Amino acid sequence: MFNKKAKQNRKLPTHIAIIMDGNGRWAKKRSLPRSAGHAAGSKNFKDIARYCNKIGLKYLTVYAFSTENWKRPKEEVENIMNILREYLKDAKNFKDENIKVKFIGDLQPLDHDIKELIKDAENESENATGLHLNIALNYGGRDEIVHAVKKIVEEKIAPEDITEQTITDRLYTAGHPDPDFIIRPSGEYRLSNYLIWQSAYAEYWFSDVLWPDFKPKHLETAIDAFCGRDRRFGGVK
Ligand code: FPP
């Protein structure tokens with residue numbers, strides 16, 4: 001049972017990042033096509049984003065499609081892109097729910113209509129004051145750092161002027177706080193090129209539950225564990 005008062009007084013993480021893994025295995029367990037797993041994963045993503053907004057989380061970043069995911073069969077890639085299209089067509093929902101949405105990643109190679117839908121969704125929700133929802137799409141942590149380095153070179157910044165902040169300010173997440181809590185369901189214990197610069201001091205939570213089954217109660221268990229951790233950032237307390 002939740003103690004409502006304790007729940008209100010706890011210090012939530014500021015920024016949760018989730019690797020939404022296990023859709024394929026979820027479908028396989030039910031003898032369904034992988035597309036059914038992604039559909040269930042997408043529905044769960046919406047529920048979890050709504051829940052995070054409800055409890056007052058400030059930032060949620062989800063891994064929807066990595067720079068490596070293009071290696072999947074063409075029809076699976078198309079299926080994931082179509083799920084995204086449908087989601088984006090409901091862009092007004094973000095505004096109605098007071099969720100500010102932003103896409104991070106190299107969006108350039110995406111289909112033109114998806115890029116337009118993304119722009120609309122970002123513009124539409126620009127002034128929302130609730131959850132900042134980042135969706136990582138064609139995202140890779142190393143790719144992101146390469147992009148940042150290219151910008152630094154293009155801007156002709158002198159080596160002696162380059163600090164950690166110089167790089168941080170040129171990542172897709174510029175201006176956002178680093179994730180302080182990274183969650184990966186589905187029994188895998190890897191970061192898979194996700195937010196590798198930003199996660200330097202993050203806490204981690206791994207769970208065997210497959211993403212479509214990862215419900216608010218599982219998120220609550222993870223957050224409770226986070227709240228009990230002693231974060232020292234390399235110092236002493
Ligand atoms: C990983 O599971 C999941 C993905 C690569 C795709 C995630 C995409 C969604 C949940 C839909 C995104 C939609 C929106 C609207 C953001 P997997 O396929 O690698 O699972 P497996 O490891 O069990 O095969």
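What follows draws every value from the coordinates through simple rules; no lab data is involved. Quick caveat: nothing in here was measured; it's all calculated off a predicted structure. Every residue, glycine among them, receives a Cβ derived from its backbone with ideal geometry; neighbour counts consider all protein chains shown.
Given the criteria among the basic types (Lys, Arg) and buried (at least 19 other Cβ atoms within 10 Å of the Cβ), does Arg190 qualify? No, not satisfied. Scanning the range 58-77 for residues being without any contact (Cβ under 8 Å) to a residue 12 or more places away in the chain, more than 9 Å from the ligand (Cβ to nearest atom) and part of a loop (DSSP other than H, G, I, E, B) gives a total of 1.
Among the residues of the range 23-57, write down those that are hydroxyl-bearing (Ser, Thr, Tyr) and either closer than 17 Å to Val209 by Cα or touching a Cys at 6+ places or on another chain (Cβ under 8 Å) (or both). Answer for the range 23-57, where residues must be hydroxyl-bearing (Ser, Thr, Tyr) and either closer than 17 Å to Val209 by Cα or touching a Cys at 6+ places or on another chain (Cβ under 8 Å) (or both): just Ser42. Only a single item in (1) crowded, with 19+ Cβ neighbours inside 10 Å; (2) touching a residue at least 60 places away in the same chain (Cβ under 8 Å) is not met by Ile80, and it is number (2).
Just one of the listed residues (Asn127, Asn134, Asn123, Asn93) is free of Cβ contacts under 8 Å to residues at least 60 places away in the same chain, within 16 Å of the ligand (Cβ to nearest atom) and either closer than 22 Å to Pro185 by Cβ or surrounded by fewer than 19 Cβ atoms within 10 Å (Cβ to Cβ) (or both), and it is Asn93. Checking Ile145, Ile135, Ile114, Ile162 one by one, the residue that is aliphatic (A, V, I, L, M) and within 16 Å of the chain's Cα centre (by Cα) is Ile135 and no other. Return the residues of the range 29-46 that are more than 8 Å from the ligand (Cβ to nearest atom) and either surrounded by fewer than 15 Cβ atoms within 10 Å (Cβ to Cβ) or outside any helix (DSSP H, G or I) (or both); say none if nothing qualifies. Within the range 29-46, Lys29, Arg30, Ser31, Leu32, Pro33, Lys43 qualify.
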